[in-house]
Structures are given as structure tokens and as C-alpha cells.
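Chemist: Quick one: the structure is below, questions incoming.
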Amino acid sequence: TRNLAKLMRDRLPRNVQHLLETAGAIGRELDMRVYVAGGFVRDLLLGKPNNDVDLVAEGRGNDIGSRLAHRLAEVLGGRVREHPKFLTCVVIYEEDGKECRVDVATARLEYYEHPAALPTVEASSIKMDLVRRDFSMNALAVRLDSTPFGQLVDFFGGQRDLRDGVIRVLHTLSFVEDPTRCLRAVRFAQRYGFRIAQASEKLIKNALSLKLFERLSPARLFHEFAIICEEPTATECLFMLDSLGILAAIHPLLQMNPARRTFLRRLGEIFSWYRMLYFEEVAEGWIVFFLGMCNNFNFRDASACYTALGLPPQRKQEIMQGRETMRTAATGLTRWLRTREDGGEARVSALDALLEPVSVEGLLALMAQGGEDDPQRRVMSRYITQWRREKADITGKDLIALGLRPGPQFGEILRAVRRAKLDGEVGASSEQAELAVRLSEQTDGRAGQKGPGCV
Ligand code: CTP
């Protein structure tokens with residue numbers, strides 16, 4: 001009987017509140033019950049930001065959700081994409097120049113033809129819609145069309161479990177029907193610092209002993225892993241997946257050992273550090289942690305694990321290629337560090353050439369290969385934050401202003417200036433300009449042309 005209207009007024013951004021009120025008004029107009037359900041309500045009660053609105057319409061007919069979606073799109077000036085097989089729609093509209101999406105569904109019952117299959121769907125009541133969901137804390141809804149607005153619907157003790165920090169499935173077959181829920185349980189446990197209820201944990205073990213992961217579509221498994229790898233607590237999620245036996249069930253080689261745990265912990269810290277730098281180049285979580293999970297594996301073992309983790313062929317090829325590039329770079333890096341330690345000539349430009357083909361995720365993994373005070377870690381950190389981003393202080397325009405003839409050699413000259421800058425051979429831009437002129441003269445000389453290559 002709890003009413004969340006005040007909580008919504010206090011916590012939700014104005015535009016989200018307006019969207020919910022609009023959906024409620026449409027419900028009254030079209031004579032249907034309208035709810036916001038699932039993770040949005042969970043996070044509202046937890047006081048965590050979540051603007052992912054999932055609307056559910058309850059009433060007569062399979063198309064009730066579609067009717068709500070079309071009217072909502074009309075009011076918001078958007079369009080509707082329908083998925084009739086699943087009784088769901090997405091309303092896509094623009095707000096302040098940004099594209100927004102709202103999921104709208106008919107309240108529906110789902111049943112599974114066989115374990116780990118995709119569900120068959122039938123229109124139903126909000127209660128049946130909520131009972132088919134994964135955990136009590138996600139089986140919550142708020143009614144939007146009623147007066148008063150904002151009545152909480154909690155049939156299964158979701159509020160209580162949120163308060164107690166417990167993740168609990170709603171029925172014993174939950175993990176059998178959808179084994180990805182084992183991964184979701186771990187993700188939510190780590191995200192919110194919750195524990196998995198004892199009985200639910202037993203059901204995970206049961207699902208594992210039935211070898212249900214083997215039946216899961218690779219795409220769904222990979223999708224869940226990719227989401228986990230983007231969580232700030234990804235490393236802890238992987239450790240928990242390991243201790244529950246889920247990693248070993250996916251592939252025995254994925255089981256953790258102390259060395260791998262240390263490596264993944266470091267990698268997780270380095271990944272967070274990189275994100276805090278807010279560099280334009282985004283490192284993708286799944287690549288970072290997939291490299292980490294199979295660090296030091298040979299080609300065949302890594303390939304087998306990536307297949308078991310559900311990687312689509314294109315992405316698998318990408319990451320396998322990335323591993324090879326990383327391996328070559330790692331050998332060169334070790335040699336470079338040794339030369340430097342021995343007082344030999346270890347040019348930054350040579351390091352740059354070694355690391356240039358490595359993806360940003362690979363660079364983070366190379367950095368994690370060094371311990372806290374390890375030179376490899378320090379060098380990689382400097383390379384990622386500084387050397388890699390270094391540019392020549394002069395541009396093509398400056399070269400033209402210097403009287404050089406524009407052409408493909410400009411790129412080569414600027415790269416050589418950058419290398420000289422990395423190696424500390426040139427200082428201010430005036431010195432870089434002098435070098436550029438010298439280089440241009442040499443280039444022209446090589447091309448057998450007369451004169452200094454000036455216009
Ligand atoms: N759901 C489910 N079983 C799944 C996936 C989803 O029961 N395997 C239900 C849950 O009720 C969930 C809702 O669908 O709350 C929406 O799913 P999704 O958007 O994937 O997750 P959220 O719970 O919103 O979590 P997140 O905050 O990670 O987006």
C-alpha cells in the first residue's frame with residue numbers, strides 16, 4: 001500500500017517525472033492500467049539514479065502495450081518500433097536534441113518450451129508479469145494511471161529484500177529457465193553489496209550441475225559477460241563467478257588461481273584509473289577483462305575459452321589478433337626495459353613504435369603485467385598518459401608557412417618531428433620547425449630534386 005509519489009517527486013529528474021505522469025494520463029484516457037516496473041523501481045527505492053523507464057500496460061488484448069506506445073509517441077512527437085512476438089515496443093523520441101527511448105510492454109506471462117530457451121509470451125496480468133521476473137527486488141512496479149498516483153505494487157517481498165540486501169529468486173526453476181540469471185545475481189550482489197539468499201545460491205549450484213550453461217545461446221552468455229565487464233565491480237564479479245563455480249562450468253580453464261586473481265585485481269584497478277582520466281578513447285570492458293581472464297594462455301586454450309564465453313566469431317578474431325599484437329609488443333617492451341636498465345640507448349620513440357599497434361585495452365593489460373613499483377608499470381603509465389598522446393607542436397599549416405611544398409611527405413616529416421620530440425632531441429616549436437626544414441631538404445635530395453623543396 002506504499003505510495004511513492006513523494007519519493008518520485010523528490011528523487012526523479014523533472015523530465016522522467018513528466019514522462020511517467022504522461023504515461024499515467026494516457027492510461028486513464030485509454031482505460032488501461034499503466035505501471036513502471038523492474039530495475040527502475042528497484043533503483044528508485046535504493047536512491048540510485050536510473051532513468052531506464054520500462055512501462056507495462058495491463059488490460060484487455062495483446063495489443064494494449066502497443067496502443068500505449070503509439071499514443072505516447074504521438075504525445076512526445078516520437079515513433080514506435082514494435083516487437084509483436086514479444087508483445088513489446090520501444091518509443092523513440094527526442095528531448096533537448098538527444099534521442100531517448102522508453103520500453104513499453106503488454107503485461108505478459110512468459111513460459112519456456114525448454115530450459116535456457118527464449119520464452120514464449122502471452123498477454124496477462126501485472127502479477128503474472130512480475131512473477132516471471134528474476135529476483136524479488138526486480139519484481140516491483142509503480143502504478144501510474146491511478147489516483148493517487150504512484151502506488152507501489154510488491155507481491156513478492158521485494159521491498160523487504162531490498163531493505164535486507166538479499167537477492168532472491170521467485171521460484172525454484174528461475175535459473176533453469178534462464179541461466180543468465182546466475183550472472184545477473186552476481187552482478188547485482190556486487191553492485192549493491194547484497195548477498196544471494198542461501199536457497200537461491202543452492203539453486204544456482206543446481207543449475208550448474210544440470211550443465212545448463214552449455215545450452216545457453218552464445219550471444220546471450222556473451223551479452224551478460226559484456227555487461228558485467230562494464231560494471232565498476234567487474235573484478236569482484238569475476239571472483240564471485242569463480243567461487244560459485246560458474247566460470248569453471250563455462251570452461252574449466254577459466255577457474256581462478258592466485259596469480260590470475262592478482263592479475264585481474266591489478267587490471268581492474270588500472271581500468272578504473274584509465275576511466276578516471278576521461279580520455280576520449282574508450283577502453284571496452286569486455287576486451288580488458290577477456291584479455292585478463294586468458295592472460296598467459298596459449299593460443300589454443302584462449303581460443304577455446306573465448307568460444308565457451310560466447311564470443312561471436314568476428315570479435316573472437318579481433319581479440320585473438322589483439323593478443324598476438326600484445327605478445328609481440330610485450331617481448332619488445334621487456335627488451336627495451338632491460339636496455340634502459342643497463343644504461344643502453346632506450347629511445348622513447350622506439351618504445352612508441354613497439355606499442356603503437358597495441359589497442360588501448362592491450363596497453364592496460366601490459367601495464368597490469370607489472371606490479372605496484374615495477375618499471376613496466378611506470379613506463380606503461382607514462383606511455384598511456386603522456387608519450388602516446390604527444391604530438392609535434394607544429395602542424396601542416398606551419399610547414400606551408402615555412403615555405404615547404406605540401407604533399408604526402410608532410411605526414412612523414414611531422415611524424416619524424418614527433419619522434420624527435422619524444423626523444424628530447426628538439427625542444428620548442430622553433431627547433432621543431434628547423435628540423436622540419438632540414439628533413440624536407442633531405443627528402444627532396446633523396447627524390448633527386450634540386451633545391452630545398454621550398455615553393
Ligand atoms: N529480467 C528478468 N530476467 C532477465 C532479465 C531481465 O526477469 N534475465 C527483468 C527484471 O525484472 C529486470 C527487467 O527485466 O528488472 C529489466 O531488465 P534489464 O533492463 O536487463 O535490467 P535491470 O534490472 O534494469 O538492470 P540494470 O540496472 O543492469 O539495467
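Chemist: Would you mind computing the Rg to Rh ratio of segment 1-78 from its alpha-carbon coordinates, Kirkwood style for Rh?
Modeler: Rounded to two decimals, Rg/Rh equals 0.97.
Chemist: What dipole magnitude, in Debye to the nearest 20, does segment 287-358 give about its Cα centre under +1 on Lys/Arg Cβ and -1 on Asp/Glu Cβ?
Modeler: 200 debye
Chemist: Leaving ligands, DNA and RNA out of it, report the carbon-plus-sulfur percent of the accessible area of segment 243-382 at a 1.4 Å probe.
Modeler: 50 percent
Chemist: Still on this model: From the phi angles alone, apply the Karplus equation (6.51, -1.76, 1.60; θ = phi - 60°) to segment 60-67 and give each ³J(HN,Hα) in whole Hz, x where the residue is Gly or Pro.
Modeler: 8, x, 5, 8, 5, x, 5, 5
Chemist: Got a number for the accessible area of D134? Probe 1.4 Å, square angstrom, nearest 10.
Modeler: The value for D134 is about 10 Å².
Chemist: Taking the chain as the reference, fit the longest principal axis to its C-alpha atoms, fit the long axis of helix 313-341 to the helix C-alpha atoms, and give the angle between the two in degrees, 0 to 90, nearest 10.
Modeler: Computed tilt is about 40 degrees.
Chemist: Given the protein chains as shown and a 1.4 Å probe, how many square angstrom of M276 are accessible, to the nearest 10?
Modeler: Counting only protein heavy atoms, M276 exposes about 130 Å² to solvent.
Chemist: Show that you can apply the helix-only estimate: for the chain, add -39,500 (n - 2.57) for every DSSP H stretch of four or more residues, divide by all residues, and state [θ] at 222 nm to the nearest 500.
Modeler: About -16500 deg cm²/dmol.
Chemist: Which of the listed residues, A433, L366, P179, is farthest toward the dipole's positive end in the chain, when Lys, Arg count +1 and Asp, Glu count -1 at the beta-carbon?
Modeler: Value: P179.
Chemist: Which of F135, V282, H83 sits farthest toward the positive end of the charge dipole of the chain, with +1 on the Cβ of Lys and Arg and -1 on the Cβ of Asp and Glu?
Modeler: F135
Chemist: If you take the charge dipole of segment 285-410 about its Cα centre, with +1 on Lys and Arg Cβ and -1 on Asp and Glu Cβ, which of T339, G292, A401 is farthest toward its positive end?
Modeler: Positive-most Cα among the choices belongs to A401.
Chemist: Whenever you get a sec, compute what percent of the accessible area on segment 156-225 sits on carbon and sulfur atoms (1.4 Å probe).
Modeler: 49 percent
Chemist: Can you tell me the FRET efficiency between R265 and N51 if r is taken as the Cβ-Cβ distance and R0 is 22 Å, rounded to the nearest 0.05?
Modeler: With R0 = 22 Å, the Cβ-Cβ based efficiency is 0.10.
Chemist: Computed over the Cα atoms, what is the radius of gyration of segment 264-311 divided by 2.2 N^0.38 Å, N being its residue count?
Modeler: For segment 264-311, the normalised Cα radius of gyration is 1.30.
Chemist: Right, next: Relative contact order (percent) for segment 199-324, with alpha-carbon contacts under 8 angstrom and 6 or more residues of separation?
Modeler: After rounding, I find 33 percent.
Chemist: Further question on the same structure: For the chain, with every protein chain kept in place, what is the accessible area per residue (1.4 Å probe, Å²)?
Modeler: 49 Å²
Chemist: May I ask you to give the percent of accessible area on segment 1-77 that is carbon plus sulfur, with a probe radius of 1.4 Å?
Modeler: Of all accessible area on segment 1-77, carbon and sulfur atoms account for 43 percent.
Chemist: Same structure again: For segment 327-345 and segment 237-270, write down the distance between their C-alpha centroids in whole Å.
Modeler: After rounding, the separation between the Cα centres reads 30 Å.
Chemist: In whole Hz, what ³J(HN,Hα) sequence does segment 112-125 give by Karplus (6.51, -1.76, 1.60; θ = phi - 60°), x for Gly and Pro?
Modeler: 10, 5, 8, x, 6, 7, 7, x, 8, 10, 9, 4, 7, 9
Chemist: Charges only on Cβ, +1 for Lys and Arg, -1 for Asp and Glu: so what's the dipole of the chain about the Cα centre, in debye to the nearest 20?
Modeler: My answer is approximately 680 debye.
Chemist: Rank these by accessible area, largest first, 1.4 Å probe: K48, K202.
Modeler: K202, K48
Chemist: Going from the alpha-carbon gyration tensor of the chain, what semi-axes, largest first and in whole Å, does one get by taking the root of 5 times each eigenvalue?
Modeler: Semi-axes, largest first: 53, 30, 19 Å.
Chemist: Once you keep just the Cα pairs under 8 angstrom separated by 6 or more residues, what percentage relative contact order results for the chain?
Modeler: Across the chain, relative contact order equals 9 percent.
Chemist: While we're here: Could you give the angle, 0 to 90 degrees to the nearest 10, between helix 180-192's Cα long axis and the longest principal axis of the Cα atoms of the chain?
Modeler: 80 degrees
Chemist: Going by average Cβ neighbours within 10 Å, how do the peptides 60-73, 313-326 rank, with the highest at the top?
Modeler: 60-73, 313-326
Chemist: Give the relative contact order (percent, whole number) for segment 1-154; include only Cα pairs under 8 Å separated by 6+ residues.
Modeler: 28 percent
Chemist: If you don't mind, there's one more thing I want to ask. Between segment 188-213 and segment 74-95, how far is it from one alpha carbon centroid to the other, in angstrom?
Modeler: Between the Cα centres of segment 188-213 and segment 74-95 lies a distance of 34 Å.
Chemist: Mind checking the full-extension length gain between R438 and T334? Use 0.36 nm per residue of separation minus the Cα-Cα distance, one decimal, nm.
Modeler: 34.0 nm
Chemist: Now for a separate question. So if I restrict to the alpha-carbon atoms in segment 1-132, what is the Rg, and what is Dmax, the biggest pairwise distance, in Å?
Modeler: 14.9, 45
Chemist: Which angle between 0 and 90 degrees, to the nearest 10, do you get for helix 234-243 versus the longest principal axis of the chain when only C-alpha atoms count?
Modeler: 60 degrees
Chemist: Then there is this: Taking the inverse of the average 1/r across all pairs of different Cα atoms in segment 306-455, what Kirkwood radius in Å do you get?
Modeler: After inverting the mean inverse Cα-Cα distance, the result is 17.7 Å.
Chemist: R347 versus K6, label points 7 Å from Cα toward the beta carbon: distance in nm?
Modeler: According to this spin-label approximation, the distance is 7.1 nm.
The values are calculated or read from the model by the stated rules, or taken from the named source; none is laboratory data. This structure is a prediction, so every number in the text was calculated from the model and none was measured. Using ideal geometry, Cβ is built from the backbone for each residue, glycine included, and neighbour counts are taken over all protein chains shown. Ligands, DNA and RNA are stripped out before the accessible areas are found, and what is left, the full protein with its side chains, is counted by its heavy atoms. Shrake-Rupley method; radii C 1.70, N 1.55, O 1.52, S 1.80 Å.
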